[in-house]
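See below for the structure under consideration.
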């Protein structure tokens, strides 16, 4: 028998007789791999619970669900349990009324390893975005700078990262030499779940193989000219390390956008750019556009070297994107609600006619 508490499960609500909890460990289109009390099994959604009733979140890797076992076949997944954290994106809901739904791509993780290599892939602007997404997810970010074996001195780049990530741990590692790997132990605790977040070519698969102690992921070479890699992960999957930590690897993480969750996205942007926002509201004029107005605190800080121009440009870009995302999702929710009302009215009208 398997104790799901070792997989991070904490029973928060009673469930019907005949149903038992399980965790999604991999997603393959319409079929799911799960771990439950009996061990590893397969499951599929019960159509009436996910399509015909009031919509509930479709499960993804890391989710805890309630299932009903089916002897000799795939178990039925009846309910997605509340999530503690998740990454998501918007996608069309497949209906004929043009609605959208939020699709979770990973759920119930404690720590996000924001991974970036110290070679040509190094990009501070991408790190800023990943930090916002991680704080928005509800988890704790840790920046992991990979391929430290490929450069002579990582200190200058580490200092650059420190300048945009106050309060976030930064680790420099190499999956090839093993340098710095032991520093990850602080987060690799039994029963905890971590997510690898990073673009292709940063060494996610190599690090996972190193932590697992075996090659569970195929590693593809990066291109010499631009250090860009190809996806080695073909589906979302949860791996369990020998020490009992769970790692979620997924091919879709780099495609995430910013979408409104329980808290405003703007709050996450403010947290990552607290150094920039310290200057806002201190200009001579309250309606300052931070262009060429006299007494502009932003322009003065840039001229004095207290604030980088690229940092300011990035803040403006991500703040605009966050505001757009909040307005977009609110509009989509209103549109979806309106379309559902229209569809219901049309259905009732047809019944009357017939």
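Miscellaneous remarks
- Elements of type helices (runs of 4 or more DSSP H) contained in the range 250-354, each with 1 or more residues being closer than 30 Å to residue 201 by Cα and modelled with pLDDT of 90 or more: 309-353
- Any chance residue 109 is part of a loop (DSSP other than H, G, I, E, B), within 19 Å of the chain's Cα centre (by Cα) and surrounded by 19 or more Cβ atoms within 10 Å (Cβ to Cβ): yes
- Entry remark, the range 311-326: residues being surrounded by 13 or more Cβ atoms within 10 Å (Cβ to Cβ) and under 23 Å from residue 161 (Cα atoms) number 10 in total.
- Residues of the range 106-157 that turn out to be modelled with pLDDT under 90 and either at positive phi or assigned by TED's automatic domain parsing to the domain that holds residue 270 (or both), as a count: 1
- Residue 156 fulfils the conditions (1) within 23 Å of residue 237 (Cα to Cα); (2) free of Cβ contacts under 8 Å to residues at least 60 places away in the same chain except for a single criterion, (1).
- Looking across the range 119-150, the residues that are part of a loop (DSSP other than H, G, I, E, B) and surrounded by fewer than 24 Cβ atoms within 10 Å (Cβ to Cβ) come down to 119, 120, 121, 122, 123, 138, 139.
The values are calculated or read from the model by the stated rules, or taken from the named source; none is laboratory data. Owing to the predicted nature of the structure, the values given are computational and were not obtained by experimental measurement. Glycine also receives a Cβ, built like all others from the backbone with ideal geometry; neighbour counts cover every protein chain displayed.
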